[in-house]
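Novice: One structure coming up, written as C-alpha cells, with questions to follow.
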Amino acid sequence: MPTILFRILFVWLTLIQYQGWGQQPQCLLEIKGRVIDVSDGQPLAYATVYIQESGTGTTTLENGEFLISHVCPGNVHAVVSHVGCPSQTFFIHVTKDTFFTWSLDHHATVLDAIEINAIHTKSRAGQSHFTLGQEAMLETGSHSISELASRVPGVRILRTGPGLGKPVVNGFTGNRISLLQDGIPLESQQWGNDHAPELDAATGDKVTVSVGAESVRYGASSLGGAISVEPILSGFDPHWHGLVRTIIQSNGRKMGLQTMLKRKTGIGRLRLTGGGFLGGDQSTPEYFLTNTGQRSQSASILLANSEKARHQRHLFLSYYASEQGLLAGAHPGSLTDLADALTRMIPFRTRDTFSFAIQAPKQTTKHFLLSVDQKFTLDERRFIKLKAGWQVNLRKEFDIRRAGRDARPALDLFLWSQFYDVALVNELAKQTGQWQTGVQYKYTNNTNLPGTGISPIIPDYIQQQLALYAIRQWNAASWQYEIGARTEARWIESYLVQPNQTITLIQNKFNLFACNAGIKKEVSGTALFRTDLSITFRPPDVNELFSQGLHQGVSGIEEGDPTLRTEKAFRLGHEWQVNAGKMHSLHASVFYQYIDNFIYLKPDSVFRLTVRGAFPVYKYTSDDVSISGANVTYSLSASKHWSFSQQAEYIYATNLSTQEGLIRMPPFIATSTIQYHNGNVSWCKEIKGVIEGRYTARQTHVSLAEDFLAPPPGFWLLNGMVRIKWKYGSGKELDVIFRIENMFNIQYRDYLNRLRYFADETGINWTMTVQYPF
C-alpha cells in the first residue's frame with residue numbers, strides 16, 4: 001500500500017512539474033535599438049546594453065545599434081552604459097519584438113581642477129552655456145556650488161576662508177551673478193557679497209553655467225551670468241532606484257553621506273535626496289586653521305506628473321542648514337594686534353591640535369525653498385509656463401562676547417521672499433525659432449530679529465520688483481539670431497535705526513532696463529562662432545546702500561553709501577569653437593565690458609577699534625570701470641586612451657576714474673592636464689587617471705594704495721585623480737574615486753581669499769568618494 005501511494009504521489013508531482021513548464025512564457029522575443037548621445041544625436045558605438053531579468057547583454061555596433069534575442073515577455077529593466085557617462089536604467093514592457101532608441105548624457109571632457117564633464121549645450125545665440133553633469137559632480141567630491149562651478153573656464157571663487165566662498169564669473173560675483181535652484185533665484189545676496197550660498201548642489205543632477213547676458217530672463221542680478229542647479233526628470237520607473245555616496249577628506253577629517261531615491265508612483269514621478277557633512281579644523285602645511293570646522297545637512301523632494309501628460313507640472317521642496325566656524329585668528333582684540341596679525345606667519349589663537357569643535361566666531365544658516373512649475377499646452381506650438389517660488393532664509397552670526405554671552409547671536413536675520421514668472425511661448429513653424437513674452441514679480445522682506453543687543457549691519461527692508469520681458473529667437477540658413485528686452489521697476493523701503501533708537505523710513509525707486517542681441521553661426525559642422533551685445537542697468541542693493549557695522553564673515557567693518565546710483569553696463573562678447581577632426585578642438589572667447597558707476601567695496605586706510613575688537617574698514621563706492629578678458633582652451637585626443645588639454649584665462653580691469661587696476665579681480669591662471677581613460681580593462685568596467693598642473697600668477701594690475709597688503713606671490717599646484725568602476729550583479733557599477741589636491745603640500749596665499757591677510761591656504765588634501773547605485 002505505501003508503495004502504491006508513493007507511485008501515485010510521484011506521478012502527480014511529475015505532472016504538476018510538466019504543467020508548470022508548459023505554462024512558462026516562450027522567451028523568443030527580440031529587442032532591437034539604437035544608443036545615441038543626448039547632446040547631438042550621434043550614435044554611441046560599443047555601448048553596453050544589459051537585461052537585468054535574464055542576465056544577458058550585448059554591445060552596440062559602430063552605428064549605435066544592438067540586438068538582444070531570447071527575451072521573455074513582461075517587464076524588463078535595461079541598463080545602458082558607455083565609457084565616460086553615467087549608466088541609465090530604462091524600464092520597458094515587452095510583448096512583441098520592439099525597437100528602442102535610448103539616449104545617454106555623454107559629455108565631452110574639459111579639464112579644470114581635476115576632471116569635469118563640460119560641454120556647450122544647445123545654447124542660445126547670445127549665450128555660452130556649460131553643463132556639469134552627474135559625472136562631474138561625482139568626480140569633484142564636493143557639495144559646494146562654488147567648487148563645482150569653478151571647474152568651468154572663466155569661473156573662479158572669491159573665498160572668505162575654508163569652506164566659504166562665492167563663484168566669480170569673468171570677474172563678477174555676489175549680486176551680479178544669479179544662483180538658481182530649480183529655476184528660482186536664490187535670495188540673501190543683499191546681505192553681502194561674501195556669504196556662501198545656502199545651497200547643496202547634491203539636491204540637483206546637473207549644474208549649468210551661463211556666461212553672457214542672462215539679464216533679460218533674471219534681471220540685473222544676472223549681469224555677469226547665471227549658475228543653475230537642476231534635477232533631471234527622466235529615468236523613472238515603478239521600482240525604487242537610487243544611489244548612496246560616501247565622501248571622506250583628509251584635510252579637516254571631513255566625512256559626508258549623500259543619498260538619492262526615485263521611482264514612478266501613482267501620484268507621479270518621485271525623487272528624494274538627503275545628505276550631510278561633518279568636518280573639523282582644516283590645516284595649512286605648517287599649522288591648523290583653528291575654528292574652521294563645518295557641519296551641513298540637506299534634503300529635497302521632487303514630485304512631477306507623467307512625462308506624457310498634456311500639461312506638465314512639478315513641485316520641488318528643499319532644505320539646507322549649515323554651521324561654519326570662522327578663523328579665530330582673524331578677530332584680533334586691539335589695533336596693535338590687528339597690525340601684528342597682518343604680518344604674522346601664524347595667526348593668533350592657533351591651537352596645536354586638531355578639533356571638531358565650532359566656537360564663536362561662527363555662522364549658522366537655514367534655507368527653505370518651495371517651487372512649483374506648470375506648463376500649460378495650448379496647442380502644438382504654444383504653451384504657457386508658470387514658475388513660482390517661496391523662500392525662507394535664516395542667518396545667525398555669533399561673535400566672541402564678554403561675560404559668557406558667546407551663545408547669544410550678534411546678528412539674527414530672517415528673510416522671506418516670493419517669486420512669480422508667467423511666460424507665453426510660441427514655437428515658430430518648421431522649428432525655425434520661437435518668441436516668448438513674460439511678466440515677473442518678486443517680493444522680499446528682510447527682518448532683524450530682536451535680542452542681539454547690537455545694531456544690525458543690514459536694516460529691515462521690503463523690496464518689490466515688477467518686470468516685463470520679451471525674447472525672440474529665429475534661424476535663417478546656418479545663422480541663429482536672438483534679441484531680448486526687459487523693463488523693470490524696483491521699490492525698496494528701508495527702516496534705519498538711528499543712534500537715538502528712532503526709526504527712519506527711506507524709500508528708493510529704480511527704473512531699470514536690459515536688452516541683448518546675439519548671433520550664432522555654424523560652419524561646416526566643425527566650427528561655430530557666437531557674438532553677443534548687451535546693455536544692463538543694475539541698481540545698488542540694500543547692503544551697498546546702508547551697511548553699517550561688522551561684517552563677521554570677512555572680519556571687517558562695512559559702510560554703505562546711500563548716494564550710490566544705478567550701474568549701467570555695456571558688454572560685447574565673442575566666442576569661437578573649432579573641432580579639427582577627432583583629435584583637436586579649440587575654444588576661445590573674449591569680452592569687453594564698460595560699467596558706469598561700478599559699485600565695489602574699497603578698503604579704507606584707517607583701522608577701527610570697537611568693543612568687539614579691532615577690524616579693517618571697507619566702504620562701498622563707485623567709479624567708472626572697464627573689464628576685459630580672454631579664455632582659451634585647447635584639447636588634444638592623442639589616442640584612444642590618452643588626451644591632453646591646456647587652458648588659460650586672464651581678466652584685465654581698470655578703474656577709469658583713477659587709471660589704476662581694480663581690487664579683487666582674478667589674476668592670470670593656466671591649467672595643463674593629462675588624462676588616461678580606458679573602458680576595456682578586463683578586471684574592471686572603466687579606469688581613468690588625471691594629472692593636472694595649475695599655475696596662478698601674482699595680481700600685478702592693482703593699486704597697492706587700495707589694499708592692506710600687496711597681492712601674494714604666484715603659485716603652482718599639482719592635483720590628481722584616479723577613478724575605477726567595478727561591475728557587480730544586475731549590470732550595476734561601483735564607483736571609487738581617489739582625488740588629491742596640492743599634492744606637494746605647497747604653502748601659499750590666494751589673492752581671491754578675503755582672509756589671505758591672516759592665514760595661508762589649506763595644504764595637501766586627499767578625497768575618497770565611493771558611490772553605490774541600486
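The values are calculated or read from the model by the stated rules, or taken from the named source; none is laboratory data. Small disclaimer: the values here were computed from a predicted structure and weren't measured. Counting neighbours? That spans all protein chains shown, and the Cβs are built from the backbone with ideal geometry, glycine included. Surface accessibility is based on the protein's heavy atoms, side chains included, excluding ligands, DNA and RNA. Shrake-Rupley method; radii C 1.70, N 1.55, O 1.52, S 1.80 Å.
Novice: Just want to confirm a number: the relative contact order over region 639-716, from Cα pairs under 8 angstrom separated by 6+ residues, in percent.
Specialist: Values: 136 pairs, mean separation 22.4, N = 78.
Relative contact order here is 29 percent.
Novice: Also: Leaving out ligands and nucleic acids, and using a 1.4 Å probe, what accessible area per residue does the chain come to in Å²? Walk me through the intermediate numbers first.
Specialist: Numbers: 32170 Å² over 774 residues.
Roughly 42 Å² per residue, with all protein chains present.
Novice: Turning to a different aspect of this structure: Between residue 491 and residue 684, what length in nm is gained on full extension when 0.36 nm per residue of separation is reduced by their alpha carbon distance? Don't skip to the answer; put the middle values down first.
Specialist: Details: separation 193, 0.36 × 193 = 69.48 nm, distance 6.00 nm.
Fully extending the segment from residue 491 to residue 684 adds 63.5 nm.
Novice: With unit charges on the beta carbon (Lys/Arg positive, Asp/Glu negative), name the residue among 436, 424, 409 whose Cα is farthest towards the positive pole of the charge dipole of region 396-457.
Specialist: 409
Novice: Would you kindly state how much longer the chain becomes between residue 93 and residue 286 on full extension, computed as 0.36 nm times their sequence separation minus their alpha carbon distance, in nm to one decimal?
Specialist: Working: separation 193, 0.36 × 193 = 69.48 nm, distance 6.11 nm.
Computed gain between residue 93 and residue 286 is 63.4 nm.
Novice: Could you give the distance between the Cα centres of region 501-562 and region 249-316, to the whole Å?
Specialist: Cα centroid to Cα centroid, the span is 29 Å.
Novice: Suppose each label sits 7 Å from its Cα in the direction of the beta carbon; what would the residue 736-residue 263 distance come out to in nanometres?
Specialist: 3.1
Novice: Extending each Cα 7 Å along its Cβ direction at residue 764 and residue 441, get the distance between those two points in nm, one decimal.
Specialist: Placing both labels 7 Å beyond Cα along the Cβ direction yields 5.9 nm.
Novice: I need the peptides 218-230, 700-712 ranked by packing, meaning the mean over residues of other C-beta atoms within 10 angstrom, with the highest value on top.
Specialist: On the way: 218-230: 25.4, 700-712: 15.1.
Going by the mean number of other Cβ atoms within 10 Å, highest first, we get 218-230, 700-712.
Novice: So, R0 is 56 Å and r is the distance between the beta-carbons of residue 359 and residue 700; what FRET efficiency does that work out to, to 0.05? Don't jump to the answer; show the numbers that get you there.
Specialist: Details: r = 39 Å, r/R0 = 0.69.
Computed FRET efficiency for residue 359 and residue 700 comes out at 0.90.
Novice: What is the helix-to-structure angle for 2-23, meaning the angle in degrees between its Cα long axis and the longest Cα principal axis of the chain, kept from 0 to 90 and rounded to the nearest 10?
Specialist: 60
Novice: Taking the Cα centroid of region 587-606 and of region 711-741, what is the distance between the two, rounded to the nearest whole Å?
Specialist: 35
Novice: Based on the Cα coordinates of region 676-747, what is the per residue volume of their convex hull in Å³?
Specialist: Details: hull volume 9.7 nm³, N = 72.
That works out to 134 Å³ per residue.
Novice: Can you tell me which of 252-265, 195-208 comes out highest on packing, and rank the rest after it, using the mean Cβ neighbours within 10 Å?
Specialist: Final packing ranking: 195-208, 252-265.
Novice: Next question, about the same structure. At a threshold of 8 angstrom on Cα-Cα distance, excluding pairs fewer than six apart, so keeping six or more, what relative contact order does region 548-625 reach in percent? Before the final figure, lay out the partial values.
Specialist: Details: 138 pairs, mean separation 25.8, N = 78.
Result for region 548-625 is 33 percent.
Novice: Now for a different question. If packing is taken as the average count of other Cβ atoms within 10 Å, what order do 740-749, 575-584 fall into, highest mean first?
Specialist: Numbers: 740-749: 16.6, 575-584: 13.7.
For the peptides 740-749, 575-584, the packing ranking is 740-749, 575-584.
Novice: Heavy-atom accessible area of residue 684 with all protein chains present, probe 1.4 Å, nearest 10 Å²?
Specialist: 10
Novice: I'd like the FRET efficiency for residue 468 and residue 578, computed as 1/(1 + (r/R0)^6) with the beta carbon distance as r and R0 of 41 Å, rounded to 0.05. Could you put the intermediate results ahead of the total?
Specialist: Working: r = 39 Å, r/R0 = 0.95.
The computed FRET efficiency comes out at 0.60.
Novice: Testing the spin-label approximation: label points 7 Å from Cα along Cα→Cβ at residue 62 and residue 234. State their distance in nm.
Specialist: Once both label points are built, they end up 2.7 nm from each other.
Novice: Another one. Match the structure shown to one of the listed values (1) 30.4, 102; (2) 28.4, 115; (3) 40.3, 141 of Rg and Dmax of the Cα atoms in Å, computed from it, and give that label.
Specialist: Correct label, based on the coordinates given: (2).
Novice: Run the helix sum for the chain: -39,500 (n - 2.57) per DSSP H stretch of 4+ residues, divided by residue count, reported at 222 nm to the nearest 500 deg cm²/dmol. Kindly include the intermediate steps, with their values, before the conclusion.
Specialist: Details: 6 runs with 50 residues, N = 774.
Calculated at 222 nm, the ellipticity per residue is -2000 deg cm²/dmol.
Novice: Need the full-extension length gain, residue 636 to residue 522, defined as separation in residues times 0.36 nm minus the C-alpha distance. One decimal, nm. Please list the in-between numbers first.
Specialist: Working: separation 114, 0.36 × 114 = 41.04 nm, distance 2.14 nm.
Here the answer is 38.9 nm.
Novice: Under 16 Å from a point placed 7 Å out from the Cα of residue 646 along the Cα-to-Cβ direction: which residues of region 492-527 have their backbone N that close?
Specialist: Nothing falls inside the zone, counting backbone N under 16 Å.
Novice: Under 8 Å for C-alpha pairs, at least 6 residues apart: give me the relative contact order for the chain, rounded to a whole percent. The partial results should precede the final answer.
Specialist: Values: 2174 pairs, mean separation 75.3, N = 774.
Contact order relative to length: 10 percent.
Novice: Please give the solvent-accessible surface of residue 512 in Å², to the nearest 10, using a probe radius of 1.4 Å with every protein chain present.
Specialist: Surface open to solvent at residue 512 totals about 10 Å².
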